[in-house]
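Student: One structure, pasted below without further comment.
The values are calculated or read from the model by the stated rules, or taken from the named source; none is laboratory data. This structure is a prediction, so every number in the text was calculated from the model and none was measured. Here the Cβ positions follow ideal geometry from the backbone for every residue, glycine too, while neighbour counts run over all protein chains shown. Heavy atoms of the whole protein, side chains included, go into the accessibility calculation; ligands, DNA and RNA do not. Shrake-Rupley method; radii C 1.70, N 1.55, O 1.52, S 1.80 Å.
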Amino acid sequence: MEHREKEESSRVEGRNPVLEALRSGRSVDKVYIQAGLHDGPIQTILREARKRDAIVAFVTKERLNQMSETGNHQGVIAAVASYQYSTVEDILKRAEEKGEDPFLILLDEIEDPHNLGAIIRTANLAGAHGVIITRHRAAGLTATVAKASAGAVNYTPVAKVTNLSGTIEELKRRGLWFVCADMGGTSMYDLDLKGPIGLVIGSEGTGVGRRVREKCDFIASIPMKGEIDSLNASVAAGILAYEIVRQRG
């Protein structure tokens, strides 16, 4: 995992560079701090990270040494998003400007950057107005994600939220309804998937979490004929997104 993170994330190393990255408004996904450091500059970095809702991880000096590309991390390394995040409001405004019912794809802890990139690519091609991802236990907008999206990350807004179930509740109050992909639900062909809609796709290992699933209005299953019983998350997203396209169009 450490090697993969180093390959996929833009790094900012050192106390002053990390503090400036936080204060400048750059999208900092995660701040790694050497365990046991409690001096003034470290406390300032902690305050700024928490103010901006960046994830903070306390790790060993050995891990920081492995992650470091400069050899001068000073006990602090930040993983910075390669692309700027949008907001949920930006996504809704995009739908309004196009005169279309909102079509959002929400991802519940998708950790594989290739899956995230593929889903953003599908969202763009299917006409979704944006993608919403979770802040914790999820891939961010790294260079690998951008490559897997075939450039779609430049055109499809991606918003990051702390509480996906809370975001769904707020969007339901604004007229959207939600369908999540899961086994044992109603066949997608028997559901009405028109109107303002959010499609929820779960993580690669455990699917949609219980709290998020309970907020959804419907559970959609994809008919399967083979011997195995599950699809890759990005493939499932593509199939359901295009059933939504078919019904809306």
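Student: Could you report the chain's accessible area per residue, 1.4 Å probe, as an integer in Å²?
Tutor: Using a 1.4 Å probe on heavy atoms only, each residue of the chain averages 49 Å².
Student: Once R0 is set to 25 Å, what does the formula 1/(1 + (r/R0)^6) return for the Cβ-Cβ distance between residue 24 and residue 137, expressed as a FRET efficiency to the nearest 0.05?
Tutor: So, using R0 = 25 Å, E works out to roughly 0.45.
Student: Between residue 210 and residue 93, how many nm apart are label points set 7 Å from Cα along the C-beta direction?
Tutor: 3.9 nm
Student: Another one. Suppose only helical runs count, i.e. DSSP H with n ≥ 4. What mean residue ellipticity at 222 nm does that imply for the chain under -39500 (n - 2.57) per run, divided by all residues and rounded to the nearest 500 deg cm²/dmol?
Tutor: When only DSSP H runs of four or more count, the value is -11500 deg cm²/dmol.
Student: Once label points are set 7 Å from the Cα along Cα→Cβ at both residue 38 and residue 189, what is their separation, rounded to one decimal in nm?
Tutor: Here the modelled spin labels are 6.4 nm apart.
Student: Now a separate question. Alpha carbon centre of the range 20-47 versus the range 187-225: separation in Å?
Tutor: Between the Cα centres of the range 20-47 and the range 187-225 lies a distance of 38 Å.
Student: Further question on the same structure: Excluding ligands and nucleic acids, what accessible area in Å² is computed for residue 194 using a 1.4 Å probe, to the nearest 10?
Tutor: We get 100 Å² for residue 194.
Student: Counting DSSP beta bridges with both partners in the chain, what percentage is antiparallel, nearest 5?
Tutor: Counting DSSP beta bridges with both partners in the chain, the antiparallel share is about 25 percent.
Student: Okay, moving on. In vacuo Debye scattering of the range 129-199, one point per C-alpha: log10 I(q)/I(0) at q = 0.17, 0.18, 0.23 Å⁻¹?
Tutor: -0.83, -0.91, -1.14
Student: Run the paramagnetic zone check for residue 100: 7 angstrom along Cα to Cβ, then residues of the range 116-131 with backbone nitrogen under 16 Å.
Tutor: Only 120-131 pass the distance filter.
Student: When you count, for each residue, the other Cβ atoms within 10 Å and take the mean per peptide, how do 78-85, 216-223 rank with the highest first?
Tutor: The packing order, highest mean first, is 78-85, 216-223.
Student: Further question on the same structure: From the protein chains alone at 1.4 Å, what is the descending order of accessible area for 224, 183, 188, largest first?
Tutor: Order by accessible area, largest first: 183, 224, 188.
Student: Continuing with this model, one more query. Counting pairs of alpha carbon atoms under 8 Å apart in space and at least six apart in sequence, what relative contact order in percent does the chain give?
Tutor: So the answer I get is 18 percent.
Student: Quick one: if you take sqrt(5λ) for each eigenvalue of the C-alpha gyration tensor of the range 25-129, what semi-axes come out, biggest first, whole angstrom?
Tutor: Taking √(5λ) for each Cα gyration eigenvalue gives 36, 16, 10 Å.
Student: What percentages make up the Cα-Cα pair-distance distribution of the chain when the bins are 5 Å wide from 0?
Tutor: With a bin width of 5 Å, the distribution comes to 1, 6, 14, 17, 17, 14, 11, 8, 6, 4, 2, 0, 0.
Student: Starting from the residue with the highest accessible area, list 10, 230 in decreasing order, probe 1.4 Å.
Tutor: Order by accessible area, largest first: 230, 10.
Student: Quick one: compute the contact order of the range 21-124, relative version, from alpha carbon pairs under 8 angstrom and 6+ residues apart, as a percent.
Tutor: It rounds to 29 percent for the range 21-124.
Student: Any chance you could tell me what percent of the C-alpha pair distances in the range 61-117 go past 13 Å?
Tutor: Percent of Cα pairs beyond 13 Å in the range 61-117: 75.
Student: Can you tell me the 0 to 90 degree angle between the C-alpha axis of helix 164-173 and the longest principal axis of the chain, rounded to 10?
Tutor: The answer is roughly 50 degrees.
Student: How big is the charge dipole of the chain about its Cα centre, in debye rounded to the nearest 20, if each Lys and Arg gets +1 on its Cβ and each Asp and Glu gets -1 on its Cβ?
Tutor: That gives a dipole near 580 debye.
Student: Also, quick follow-up: Under a crude label model (7 Å from the Cα following the beta-carbon direction), how far is residue 111 from residue 154 in nanometres?
Tutor: 3.2 nm
Student: Follow-up question, since we're still on this one. Can you give me the % of accessible surface on the chain that is carbon or sulfur? Probe 1.4 Å, all protein chains present, nothing else counted.
Tutor: 47 percent
Student: Continuing with this model, one more query. What ³J(HN,Hα) values, in whole Hz, does the Karplus curve 6.51 cos²θ - 1.76 cosθ + 1.60 give for the range 85-97 when θ = phi - 60°, with x put for Gly and Pro?
Tutor: Coupling constants for the range 85-97: 7, 9, 10, 4, 4, 4, 5, 5, 5, 4, 5, 4, 5 Hz.
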